[in-house]
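**Student:** Quick one: structure below, then a few questions.
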Amino acid sequence: MIIYFGPPCQIADAFTDFVRLGCDLMNFYFVYDEYTDVSDPQVAERLATIVLDAMKYPFAPSKDTHLLGDMTKECVDNDDILPF
């Protein structure tokens with residue numbers, strides 16, 4: 001029996017990685033929502049700024065560190081698994 005590991009398997013691997021990225025993003029959205037639900041508007045705005053800065057500049061050192069900023073940088077750092 002010959003097993004062929006050509007393009008169909010590569011497409012399956014890319015799809016699996018893409019689904020993994022989607023799961024990571026949903027996990028991030030859940031954590032972000034939980035943090036902002038219990039915070040006051042000023043803290044929620046600060047968290048939004050941290051997340052946006054981490055998305056725009058994922059490799060720059062952060063001046064304001066928070067778990068959400070670290071999670072965002074990890075998601076953005078995994079963008080090499082996108083199939084397109």
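The values are calculated or read from the model by the stated rules, or taken from the named source; none is laboratory data. The structure displayed is predicted, hence computed values, not measured ones. Reconstructed Cβ throughout: ideal geometry from the backbone, glycine too, with neighbour counts over all protein chains shown.
**Student:** Restricting the search to region 26-58, which residues are under 17 Å from Glu74 (Cα atoms) and of a type in the set (A, V, I, L, M, F, W, C)? First the steps, then the outcome.
**Tutor:** Looking only at region 26-58, we keep the residues that are under 17 Å from Glu74 (Cα atoms), and these are 26-32, 47-58.
Correct list: Met26, Phe28, Phe30, Val31, Leu47, Ala48, Ile50, Val51, Leu52, Ala54, Met55.
**Student:** Return yes when Tyr35 is surrounded by 10 or more Cβ atoms within 10 Å (Cβ to Cβ) and at pLDDT 90 or above and no when it is not.
**Tutor:** Numbers: surrounded by 10 or more Cβ atoms within 10 Å (Cβ to Cβ): yes; at pLDDT 90 or above: yes.
So Tyr35 fits the description; yes.
**Student:** I need the full set of residues from region 14-40 which are assigned to a helix (DSSP H, G or I) and β-branched (Val, Ile, Thr), in order please.
**Tutor:** In the first step, residues of region 14-40 are kept if they are assigned to a helix (DSSP H, G or I); the result is 14-37.
Once the filter is applied, which keeps residues that are assigned to a helix (DSSP H, G or I) and β-branched (Val, Ile, Thr), region 14-40 yields Thr16, Val19, Val31, Thr36.
**Student:** How about region 25-62: which of its residues are under 13 Å from the mean Cα position of the chain (by Cα) and not aromatic (Phe, Trp, Tyr)? It would help to see each step written out before you state the result.
**Tutor:** Keep residues of region 25-62 that are under 13 Å from the mean Cα position of the chain (by Cα), which gives 25-32, 51-52, 54-56, 58.
Result: Leu25, Met26, Asn27, Val31, Val51, Leu52, Ala54, Met55, Lys56, Pro58.
**Student:** Evaluate region 52-69: report whether one residue or more is hydroxyl-bearing (Ser, Thr, Tyr), modelled with pLDDT of 90 or more and either outside any helix (DSSP H, G or I) or out of contact with any helix residue (DSSP H, G or I) (no Cβ under 9 Å at 6 or more places or on another chain) (or both).
**Tutor:** Residues of region 52-69 hydroxyl-bearing (Ser, Thr, Tyr): 57, 62, 65.
In the following step, the residues that additionally are modelled with pLDDT of 90 or more were identified as none.
There is no residue in region 52-69 that is hydroxyl-bearing (Ser, Thr, Tyr), modelled with pLDDT of 90 or more and either outside any helix (DSSP H, G or I) or out of contact with any helix residue (DSSP H, G or I) (no Cβ under 9 Å at 6 or more places or on another chain) (or both).
**Student:** In region 26-38, how many residues are among the polar types (S, T, N, Q) and closer than 15 Å to Gly69 by Cβ? So that I can check it myself, show each step before the final result.
**Tutor:** Let us first name the residues in region 26-38 that are among the polar types (S, T, N, Q), namely 27, 36.
Still in the running and closer than 15 Å to Gly69 by Cβ: 36.
Adding up the residues that qualify gives 1.
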